[in-house]
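See structure below.
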Amino acid sequence: MKNENKKTNKKAIITIIVAVIVIGALVTTGLFFTVKYLKNSKTSEKEKDEIIKEDSQTGTKTLMIYMCGSDLESGGGIATSNLQDLISSKIDYDNINIILCAGGSSKWYNNDISKTETSYFKVTDDGLEIIKKQSKQDMASSTTLTNFIDYTYDNYKTDEYYFMFWDHGCALVGLEVDELSENILSLKDLNTGLKNSKLNKANKKFNMVILNNCLMGSLEVANIMSNYADYLVASEDVMYGGYGITTFDFLAGIKKSDDAVKIGKSYIDTYTKAMKKTNPGTYITFALLDLSKIENVVSEVDKYFGEIKLDETSFKKIAKIRAGVYEYQKTEDCYDMVDLHQLVTKLQSINSNNKNLLKAIEDAVIYKSVTDPYSNGISMYFPESFDWSPIYKTIDFSNTYKTFAQNYIDIYTGKKNASSFAVKAKDVVKIDTGFSMQLTDEEKSEYKSSQFVIFEDNGDGTYNTILTSSDTQIDDNGVIKANIDNKLLSVIDKSDGTVFPLGYIFETDRTEDYVMYDVPIILAEPYGEDYISHTTVALMSIKVYNDGKIEKLATRNWSSTSGVEGKTTSNGAILDITDSSKYSSIYFIKSARKIDVDENGNYEKLGELSSTRGVSIDVNSEFTFEKTDLDPNKKYVGVFVVTDVYDNKYSSKLIDIK
């Protein structure tokens, strides 16, 4: 891979197909990306596992980049794009060595990196220069990690060492999802890989570790990293790559005198600037942590949760509070990760002795870029829907909190699937603003949250989902109310006035001022030489304000890699849907399904999908989103979905709306 600023602009356009299975059996289609294939390789034909060049160190700093390409590369060339950004940056290589280990992808979009190898490269003004060629290694192996650190440490004796992980992040499950081995680097193996390195055995630490991964800004991860680094940069929520997003430009301005804090701030600022320029309104949750302060945070967590007496009564109170705490990536994955500062603040009524813990968190977070109303720099696992306690047993963390979490899990799993709500026997009644349902006192004591769903009756036995909302309230008497007025979201094609209700959408956040949604769309590409129009399935994020204002946010690719401990990892690449050279039209989806009912005719679940036809809008056409009311000329039915403190879900009777 050459520096494109120093060579003839010779590029080949490669189109690839990736099978995409959309969550919820929405649609199965072919996913296409068009990316630049970067030519001019410096790799020569050598024997495997051979050092190509004996290199002497330069500069005072060495950055190791551990890049597991995964489906981010094979499905869209994001790794290659990031590397091109890196090579094109004006880096002073007299100050820093940049050493790359690349692997873990079934396809690479440059000639330097091969899917059959996991070689090491030095980044130079001229591009990637191979320094060690070796056979394919598992990027999710602790041994591969250790070997890379050891090689770099042996060959580049500098004053400062920095490390960047690059790939997916899956919270407590781990990071670096190797597409070839179908393994993930667990937190246990992450610890092992760092612990066994020569750098650690020499009693040295990385000046800073940067986690260019989603969902890794947790106390659990920081506690591991505190043994091996002075500072950590990580994101509590997802981070984005793709169109307009650069992460390596921060290296361009590094000077000999720059320390880890300045470099960490520069990384965060670079990402923030790129996101605000191309995807304003999309959440950013990056923070720079002083790892010397993490031991105190863990100690205060230990004390705080050790003071809480956990029984059935306190469990119910905590579960209701937990339902109101923002959870990262809840709609697509179940990692049960929440911001620690927000959680402890909301638990004030359970244990008001929280000042020391909150102060410890604030001391550890020395810099942050946060654009959501929840994040304060450090997340932590707090169980609600998924039991990650087996992972907790493999990592070093607060034993008191481990015990608390396990006891909490035991309480709700002990009553999981124990039907205590007689919801299906209850009458659902119409009210002026929608419909309501009465709970008993016992049910009210175990009520955690609820949603309502509105279906449009097609008159042929199928129904379109046109609204799913968590905008419900329960009063002191146990009456749940659904407010459906002006809740319907529609897309308006300005070219012909077409109004299309958006039913197949996911509510990702709700605040006092706005609601955020992910809208599944299908992007059709122009017809190719094969006379086939290929498609990409994506998620378009929108923010709906209470005053009616609606903002279009980022649109990202929606594909998946399954098989990693039962989890799904979203591709998540940011897409430019206005690029008419790539896309010809946008399809908003209409999911017509049958409704499965029980022997009494009560709602059970959505049945078999019968249609996904919706509305198509040309990418060159202007379209907007608006809040609308239900069409008085159509027939609708509604249903409550109630969740109790044990995470059991119950559906009510169907009620005719109009």
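The values are calculated or read from the model by the stated rules, or taken from the named source; none is laboratory data. The structure presented is a predicted model; accordingly, all values stated were derived computationally and were not measured. Glycine also receives a Cβ, built like all others from the backbone with ideal geometry; neighbour counts cover every protein chain displayed. Only protein heavy atoms, including side chains, enter the accessible area calculation; ligands, DNA and RNA are left aside. Shrake-Rupley method; radii C 1.70, N 1.55, O 1.52, S 1.80 Å.
Restricted to region 554-583, and to residues that are of a type in the set (A, V, I, L, M) and open to solvent by less than 20 Å² (accessible area, probe 1.4 Å), which residue is modelled with the highest pLDDT?
Only one residue fits best here, namely A554.
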Item to check | Residues located in region 612-635, provided they are among the hydroxyl-bearing types (S, T, Y), in a strand (DSSP E or B) and within 29 Å of the chain's Cα centre (by Cα) | outcome: S616, T624
Checklist entry - Restricting the search to region 455-474, which residues are loosely packed, with under 11 Cβ neighbours inside 10 Å and without any contact (Cβ under 8 Å) to a residue 60 or more places away in the chain? => result D460
Checklist entry - Looking at region 261-279, is at least one residue open to solvent by less than 20 Å² (accessible area, probe 1.4 Å), more than 22 Å from I245 (Cβ to Cβ) and touching a residue at least 12 places away in the same chain (Cβ under 8 Å)? => result no
Item to check | Every residue from region 486-513 that is more than 20 Å from the chain's Cα centre (by Cα) and in a strand (DSSP E or B) | outcome: L488, L489, S490, V491, I492, D493, V499, F500, P501
Checklist entry - Taking strands (runs of 3 or more DSSP E) that fall entirely within region 133-251, which contain at least 2 residues that are closer than 25 Å to K402 by Cβ? => result 175-178, 183-185, 206-212, 229-235
Checklist entry - Tally time: how many residues in region 289-343 are in a loop (DSSP other than H, G, I, E, B) and either under 25 Å from the mean Cα position of the chain (by Cα) or of a type in the set (D, E) (or both)? => result 14
Item to check | Test for K136: is it free of Cβ contacts under 8 Å to residues at least 60 places away in the same chain and basic (K, R) | outcome: yes
Item to check | Condition met for F421 (modelled with pLDDT under 95 and touching a helix residue (DSSP H, G or I) at 6+ places or on another chain (Cβ under 7 Å)) | outcome: yes
Checklist entry - Just checking, how many residues over region 632-646 are open to solvent by 20 Å² or more (accessible area, probe 1.4 Å) and either within 28 Å of E599 (Cβ to Cβ) or out of contact with any strand residue (DSSP E or B) (no Cβ under 8 Å at 6 or more places or on another chain) (or both)? => result 4
Item to check | Scope region 345-404; condition open to solvent by 20 Å² or more (accessible area, probe 1.4 Å), in contact with a Leu (Cβ under 6 Å, 6 or more places away or on another chain) and assigned to a helix (DSSP H, G or I); matching residues | outcome: I391
Item to check | Matching residues in region 427-447 - criterion: being part of a strand (DSSP E or B) and either crowded, with 20+ Cβ neighbours inside 10 Å or touching a Gly at 6+ places or on another chain (Cβ under 7 Å) (or both) | outcome: V428, G434, F435, S436, M437, Q438, Y447
Next on the checklist: If I ask for residues that are assigned to a helix (DSSP H, G or I) and farther than 17 Å from I263 by Cα, which ones from region 78-100 would you list?
Outcome noted: I78, A79, T80, S81, N82, L83, Q84, D85, I87, S88
Checklist entry - Can you name every residue in region 476-485 that is assigned to a loop (DSSP other than H, G, I, E, B), within 30 Å of E442 (Cβ to Cβ) and open to solvent by 10 Å² or more (accessible area, probe 1.4 Å)? => result D476, N477, I484
Next on the checklist: Can you go through K424, K494 and tell me which one is surrounded by fewer than 20 Cβ atoms within 10 Å (Cβ to Cβ), of a type in the set (K, R) and under 23 Å from D629 (Cβ atoms)?
Outcome noted: K494
Item to check | Meets criteria (at pLDDT 95 or above, surrounded by 16 or more Cβ atoms within 10 Å (Cβ to Cβ) and more than 28 Å from Y231 (Cα to Cα)) for A287 | outcome: no
Checklist entry - Under 8 Å by Cβ, and 6 or more places apart or on different chains, what pairs join a residue from region 77-92 that is touching a residue at least 12 places away in the same chain (Cβ under 8 Å) with one that is assigned to a helix (DSSP H, G or I) and of a type in the set (A, V, I, L, M, F, W, C)? => result I78/L72; A79/L72; L86/L251; S89/L251; S89/A252; K90/A252; I91/L251; I91/A252
